[in-house]
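Enquirer: If you scroll down you'll find the structure; I have some questions about it.
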Amino acid sequence: MSSASPREVYGWAEELPGELGLAGVRTSPTATLPGGERQRLAVARALIGFPDVVLADEPTGALDGEAARAVAEMLFALPAQRRCALVVVTHAPEVAERADAVLTLAGGVLEGVRC
């Protein structure tokens, strides 16, 4: 866990939506947001506590092409920007190919590793 102070965390929570292109939706109910904005908001919520590891389970699964690309771009920029590890679980080859390392699981068996 991060050693961020409560003041840092609250400040980050105020700034983060704007950094993710969500400044205009801060007071909108989540259910009223389009899928891409909901996914980015979920990422924002996950980052508020300055995590050392971000786990993303099918982060682009319910998104159209452009929204999926935007969310994937944002996620894969996190390790360099926020000094955290990123673990993504996905069925989308276009998302997996962006990773530094890929583990393939099929039928409960680890079939391949690409680094």
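The values are calculated or read from the model by the stated rules, or taken from the named source; none is laboratory data. Values in this document were obtained by computation on a predicted structure and should not be read as measured data. Virtual Cβ from ideal backbone geometry, glycine too; neighbours counted across all protein chains shown.
Enquirer: For A23, are the conditions met, namely being farther than 28 Å from A96 by Cβ and of a type outside the set (V, I, T)?
Expert: Against the criterion (farther than 28 Å from A96 by Cβ and of a type outside the set (V, I, T)), A23 qualifies.
Enquirer: Also, quick follow-up: Of a type outside the set (S, T, N, Q), under 13 Å from the mean Cα position of the chain (by Cα) and at negative phi: which single residue out of L16, L103 fits that description?
Expert: From the options L16, L103, the qualifying one is L16.
Enquirer: Which condition breaks for V88 when tested against (1) at pLDDT below 90; (2) surrounded by 15 or more Cβ atoms within 10 Å (Cβ to Cβ)?
Expert: The single condition V88 does not satisfy is (1).
Enquirer: Output the residues belonging to the stretch 85-115 that are in a strand (DSSP E or B) and in contact with a Lys or Arg (Cβ under 9 Å, 6 or more places away or on another chain).
Expert: Passing the criteria: V88, V102, L103, T104.
Enquirer: Also: What's the number of the condition A4 fails, among (1) more than 16 Å from R98 (Cβ to Cβ); (2) part of a helix (DSSP H, G or I)?
Expert: Looking at each condition in turn, A4 falls short on (2).
Enquirer: Separate question: Looking at V25, V54, V9, V113, which is the one that is within 13 Å of the chain's Cα centre (by Cα) and β-branched (V, I, T)?
Expert: Step by step, each of V25, V54, V9, V113 is checked, and only V54 is within 13 Å of the chain's Cα centre (by Cα) and β-branched (V, I, T).
Enquirer: Here's another thing I want to ask about it. I'm trying to understand the selection: among the residues of the stretch 19-30, which are assigned to a helix (DSSP H, G or I), over 20 Å from A85 (Cβ atoms) and modelled with pLDDT under 75?
Expert: Hits for the stretch 19-30 are A23, G24, V25.
Enquirer: Which condition number does A31 fail, the rest of (1) touching a Lys or Arg at 6+ places or on another chain (Cβ under 9 Å); (2) surrounded by 12 or more Cβ atoms within 10 Å (Cβ to Cβ); (3) aliphatic (A, V, I, L, M) being met?
Expert: Checking A31 against (1) touching a Lys or Arg at 6+ places or on another chain (Cβ under 9 Å); (2) surrounded by 12 or more Cβ atoms within 10 Å (Cβ to Cβ); (3) aliphatic (A, V, I, L, M), the one that fails is (2).
Enquirer: Would you pick out the residues in the stretch 57-84 that are surrounded by 14 or more Cβ atoms within 10 Å (Cβ to Cβ), of a type in the set (A, V, I, L, M, F, W, C) and part of a loop (DSSP other than H, G, I, E, B)?
Expert: Once the filter is applied, which keeps residues that are surrounded by 14 or more Cβ atoms within 10 Å (Cβ to Cβ), of a type in the set (A, V, I, L, M, F, W, C) and part of a loop (DSSP other than H, G, I, E, B), the stretch 57-84 yields L63, C84.
Enquirer: While we're on this one: Out of the residues in the stretch 31-68 meeting the condition of being at pLDDT 80 or above and of a type in the set (V, I, T), tell me which one is nearest to A92 (Cα to Cα).
Expert: T60
Enquirer: Restricting to the stretch 53-79, name every residue that is within 18 Å of L16 (Cβ to Cβ) and among the charged types (D, E, K, R).
Expert: E73
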